[in-house]
1. Is it the case that residue 64 is of a type outside the set (A, V, I, L, M, F, W, C) and either touching a Lys or Arg at 6+ places or on another chain (Cβ under 8 Å) or modelled with pLDDT of 95 or more (or both)?
2. What pairs come up if the first residue lies in the range 1-21 and is in contact (Cβ under 8 Å) with a residue 12 or more places away in the chain and closer than 18 Å to residue 41 by Cβ, the second is of a type outside the set (Gly, Ala, Ser) and surrounded by fewer than 14 Cβ atoms within 10 Å (Cβ to Cβ), and their beta carbons are under 8 Å apart, counting only those six or more places apart or on different chains?
Amino acid sequence: MATMAAAGHDLNNHLMVAGGELAEALARLPADNPLRPYLLGSRTAIERCCSIAALLVACAARAGAEKPQASLEYLVGKETP
């Protein structure tokens, strides 16, 4: 269960980065650009995936999994696990 919680949390982190980049692209893209509908569809997919990631974490928490712990140095790549 801890692995499921960690996977859900990690997935959510990556989705937040993708969503942020997508939001920036949409903000810079003219409203009449023909690519806009595709980017909006991608935003919807990211939002749905974030919901799935949250469910993974919630299910793991209900099953009694411990929250994964990591040092800041590990998270920024200055330390190995």
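1. no
2. Cβ pairs passing all conditions: 19/47.
The values are calculated or read from the model by the stated rules, or taken from the named source; none is laboratory data. Computed from a prediction, not measured in an experiment: that's the story for all the values here. Please note: Cβ atoms are built from the backbone with ideal geometry, for glycine as well, and neighbour counts cover all protein chains shown.
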